[in-house]
């Protein structure tokens, strides 16, 4: 999955826009910003649960969360870890809904961590014995950036499928 993020970042560099009429020297290119998050959903058949991770660039996530908090938002070094956990969990749960086999799933927050320049948020959904279909409805960071892209990877029985949602598109469905 980290490889997927690398591929998207590489694509961003390749979509650089020249600042001067047609001049294509790297020093004269203006890089177009990339607003992306990645949602990984994996069915753990052994433990009979769905495991989810959501990766968001730290600065984008902090800027978004500032809209929902009167306190300072610093996910790298939170002054109050419990308050940061609550803010992160509430935001994701409100912006990400998952159905497995047509049944809405209750996301159980595990925690978040910073890894390089992104925040990884983890959830589990217990008692998911088998999966034939996963439906995802997400608007993560759509309230921050109209150019937001959400990439969803879903893996069941070793078979991975992916879908790209460009704001305002918010629905993806996977079947096995």
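The values are calculated or read from the model by the stated rules, or taken from the named source; none is laboratory data. Being a predicted model, the structure only gives us computed values, none of them experimental. So basically every Cβ, Gly included, is an ideal-geometry build from the backbone, and we count neighbours across all protein chains shown.
Scan segment 45-73 for residues that are surrounded by 14 or more Cβ atoms within 10 Å (Cβ to Cβ), part of a helix (DSSP H, G or I) and free of Cβ contacts under 8 Å to residues at least 24 places away in the same chain and jot them down.
Selection gives 62, 66.
Which number in (1) under 18 Å from the mean Cα position of the chain (by Cα); (2) within 15 Å of residue 51 (Cα to Cα) marks the one condition that residue 76 misses?
Status for residue 76: all satisfied but (2).
Just wondering, is there one or more residues in segment 96-107 that are part of a strand (DSSP E or B), closer than 22 Å to residue 62 by Cβ and in the same structural domain as residue 56 (by TED's automatic domain parsing)?
Checked against the condition, which is being part of a strand (DSSP E or B), closer than 22 Å to residue 62 by Cβ and in the same structural domain as residue 56 (by TED's automatic domain parsing), segment 96-107 yields at least one hit.
A quick yes/no check of all residues on (1) crowded, with 17+ Cβ neighbours inside 10 Å; (2) on the phi > 0 side of the Ramachandran plot; (3) in contact with a strand residue (DSSP E or B) (Cβ under 7 Å, 6 or more places away or on another chain):
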{"residue": "76", "(1), (2), (3)": "no, no, yes"}
{"residue": "125", "(1), (2), (3)": "yes, no, yes"}
{"residue": "146", "(1), (2), (3)": "no, no, no"}
{"residue": "172", "(1), (2), (3)": "yes, no, yes"}
